[in-house]
Amino acid sequence: MGKKKEDSPDSGYGEPAQFDPNFNGPIRKRGCTDIICCILFMAVILGYIGIGILAWLYGDPRHVLYPRNSTGWFCGVGPNKDRPNLFYFDILKCATSVNVMATALNGFQCPTTQICVKTCPEEFWAVGPLDYIKKPKEVFEQNICVPSIDLETTNFTVAEIVNKELCPFFFMPTTPALGRCFPDIQALGNIPDAFSKVPGLPSSINETSNLIKNGTGSGDILNGFSARDVGIRIFEDFASAWPWILLGLVIAMLVSLLFLLLLRFTAPVMVWLLIIALLGAGAYGIWHCYWEYDNYKQTSATIHDVGFTTDFKVYLQVQETWLAFLIILSVVEAIILLTLIFLRTRILIAIALIQESSKAIGHMMSSLTYPLVTFVLLLVCVAYWGATAVYLATSGEPVYKVVALNSTITGCETINGTVTCDPQTFNSSEYSACPSASCIFINYNEEGLFQRNMFNLQIYNAVAFLWCVNFVIALGQCTLAGAFASYYWAYNKPGDIPTFPVCASFMRAIRYHVGSLAFGALILTLVQIVRIILEYIDHKTKSAQNPCARFLLCCLKCCFWCLEKFIKFLNRNAYIMIAVYGKNFCVSAKNAFSLLMRNIIRVVVLDKVTDILLFFGKLLVVGGVGVLSFFFFSGRIQLPGNTFRSENLNYYWMPIITVVFGSYLVAHGFFSVYNMCVDTLFLCFLEDLERNDGSLQKPYYMSKNLMKILNKSNKQAK
């Protein structure tokens, strides 16, 4: 005789009936929890949106995304839409003033004329001695001169054009990187012999090459950019192999799903096989140590004769060494055996919960897709944070000042860095006393209330970003916990499981528990901020620290790392209790922690058994798919009809790495859901065990397998 439907728990939420007035299970009438924190979180979000709007109004990301020529126009947009690369007339001035890459990345312009070009020069060229008597249009090309000069109608001579830097005196083979034309280091070693006839030119090129090669790492960067062909080939490999990469990820998804669903049948076999293998390995180690001990029994050498030596092999030839190993392994083996004997029931409970989790996922397949929702929300948070940071960093009008490369010349010291200018109207002839004067971007205008608080706004951006990320993760954990709790508290499974449990749990979390989730996320965010501050202090003061300060800072970092791990553990279980009972964060955290501490041995056993199973699951998915992709992309597995040929790949290891990394992410996403299911069912099981006794008024909701292990049963109505 089964339990009558009218006596079953509320099927609308899949929650336990309130047979006991003191049992405040997940009830239909929930209320909003942690309202103050909810209001605070909403205020922070509104402020975050306001900062984003202000940053969008005042910022201009083109300062970061696109290079600018000497007149302040951006390359690749507007009038220079078809000229995306920035060409430096004399990059030697960049190398002698500031590091080339730092100049490019930080936005500072080199003190030389720069123009936007369609393609970067790929050959050597220079103004020869005889070119000075020619017309400018016979020497220069219009596309490598400043737009303000017309070579057809200009009255300037070649010498005047070179002196005023209206056209380049020379250029060398360059390679485009970050929208800028940087010297091709490999080509600089092959300077044509004709260049030796140009006075001063070869030394300039060689000097440029040496400055870049011997600079602060820029030579390595440029060498990497000069190998852009490698990137093109890798892109070609992805273009031809992407269907098979997706197929590999689909296989990883199917293997992960199959592994989780089959755990209800394979979990006991896998766990006991691992235990037997561990005991067998220990037994073999004991036998091998005894065998070695017996072999060296005839030797006269002792540990005292050997003394101290760094050669460990010498100790392996001494009888006492193997005797010590034998004793240690025997003690460890005895401890493991005794532990298994005393914890056998708890191991059986852990296996049963793992099997029950596999059944729960089988009834709620939609739960496996929820990590995609979390991923999308995290992607939105990261994108909003990055966009806001860029817009904030580029807010304010750019400030240009007159800068001279050689400030020692009389007349330059008075204007160098003190006179503002407009690059679009700047004329170097106005500063005849300082021939090297150029109008250069310095920074962004910091005047005004918005600009003066830029640092504070960036801090707000970072803190709000961390809070939002932790809230999204908390929302995912609470949603999954609510769905799996509805499975456990369904008396008749799967009949009493509510329809669309994941969606219903998500809506409950959003409607009632935003404040509690934000509270837990805020606590974790504060700890993470402290860790970031400690890392920043360590990075800035590493060279000036004494041993005591380093030790103290290392201890602080270690302590807060442990605190963050503990907060994550506490939050995770608090969110489960929030999903089950609907209470506020502090009460849920206290109840969860107390419940786990009362069952600490069961917690440890379940945690380790689950970790071992999921580790082997990830190993199976990633290793199996990785080996399969290796044999496929390396050509060891051929498809019929020449559908795909590995010989067409430039680097077959790139698709393999992509498949392996993607398989790990897929397996991690699936197994994270499973891990949450195990934790939720475990807490529900502990609550069920403590609050119910199997009577008609307080029936157990655990599975029959768990009741059999614990020798418990529900009384049947007569």
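Rule-based calculations on the coordinates, nothing more; no lab input. Because the structure is predicted, anything quoted here is derived from the model rather than measured. We place every Cβ from the backbone using ideal geometry, glycine too, and count neighbours over all the protein chains shown.
For the stretch 118-157, just list the percent of Cα-Cα distances falling in each 10 Å bin from zero outward, please.
Spelled out per bin, shortest first, that is 25, 52, 23.
If packing is taken as the mean number of other Cβ atoms within 10 Å per residue, what is the order of 284-294, 617-627, highest first?
Details: 284-294: 15.0, 617-627: 17.8.
So the order, starting with the most tightly packed, is 617-627, 284-294.
If eta is 0.692 mPa s and T is 37 °C, what Stokes-Einstein diffusion coefficient results for the stretch 243-293, Kirkwood Rh from Cα pairs, in µm²/s?
Estimated diffusion coefficient is 235 µm²/s.
Could you please report the charge total around residue 514, scoring K, R as +1 and D, E as -1 over all other residues with beta-carbon less than 13 angstrom from its beta-carbon?
+2
Quick one: length gained pulling residue 240 to residue 82 fully straight, 0.36 nm per residue minus the C-alpha distance?
54.0 nm
Between residue 39 and residue 294, what length in nm is gained on full extension when 0.36 nm per residue of separation is reduced by their alpha carbon distance?
Full extension from residue 39 to residue 294 adds 84.4 nm.
Report the far tail of the P(r) of the stretch 539-639, meaning the percent of Cα-Cα pairs longer than 19 Å.
Within the stretch 539-639, distances greater than 19 Å cover 70 percent of Cα pairs.
At a Förster distance of 35 Å, what's the computed FRET efficiency of residue 492 paired with residue 608, Cβ-Cβ distance as r, to 0.05?
That gives a FRET efficiency of 0.60.
Please list, ordered by chain and number, the residues whose modelled amide H lies under 5 Å from the amide H of residue 88; skip anything fewer than 5 residues away on the same chain.
181
May I ask for the net charge around residue 157, where only other residues with Cβ less than 11 Å from the Cβ of residue 157 are counted and Lys, Arg are +1 while Asp, Glu are -1? Walk me through the numbers on the way to the answer.
On the way: positive: 134, 135, 164; negative: 131, 160.
So the environment of residue 157 carries a net charge of +1.
Based on the mean of other Cβ atoms within 10 Å per residue, sort peptides 137-150, 695-708 so the most packed one is first.
With the highest mean Cβ count within 10 Å placed first, the list reads 695-708, 137-150.
For the stretch 467-521, just say rounded, prolate or oblate: build the C-alpha gyration tensor, square-root its eigenvalues into a ≥ b ≥ c, call rounded for a/c under 1.5, and beyond that prolate if a/b exceeds b/c, oblate if not. Each step should come with its number before you reach the end.
Values: a/c = 3.00, a/b = 2.73, b/c = 1.10.
Verdict is prolate for the stretch 467-521.
State, to one decimal in nm, how far the label point of residue 616 lies from the label point of residue 363, with both points 7 Å from Cα in the Cβ direction.
If labels sit at residue 616 and residue 363, their model points lie 2.7 nm apart.
For residue 459 and residue 544, FRET efficiency with R0 = 30 Å and r from the beta-carbon atoms, rounded to 0.05?
0.75
How many angstrom lie between the C-alpha centres of the stretch 475-527 and the stretch 48-67?
For the stretch 475-527 versus the stretch 48-67, the Cα centre distance is 37 Å.
On a full-extension model of 0.36 nm per residue, what is the gain between residue 636 and residue 141, subtracting their alpha-carbon distance, rounded to one decimal in nm?
172.8 nm
What dipole magnitude, in Debye to the nearest 20, does the stretch 494-571 give about its Cα centre under +1 on Lys/Arg Cβ and -1 on Asp/Glu Cβ?
So the magnitude is around 220 debye.
Run the dipole for the stretch 588-701 about the Cα centre, Lys and Arg Cβ at +1, Asp and Glu Cβ at -1, nothing else charged, and hand back the magnitude in debye, nearest 20.
140
With the Cα gyration tensor of the stretch 45-97 in hand, give its eigenvalues times 5 under a square root as the equivalent ellipsoid semi-axes, listed largest first in whole angstrom.
On the way: eigenvalues 205, 45, 11 Å².
Working from the Cα gyration tensor, I get semi-axes of 32, 15, 8 Å.
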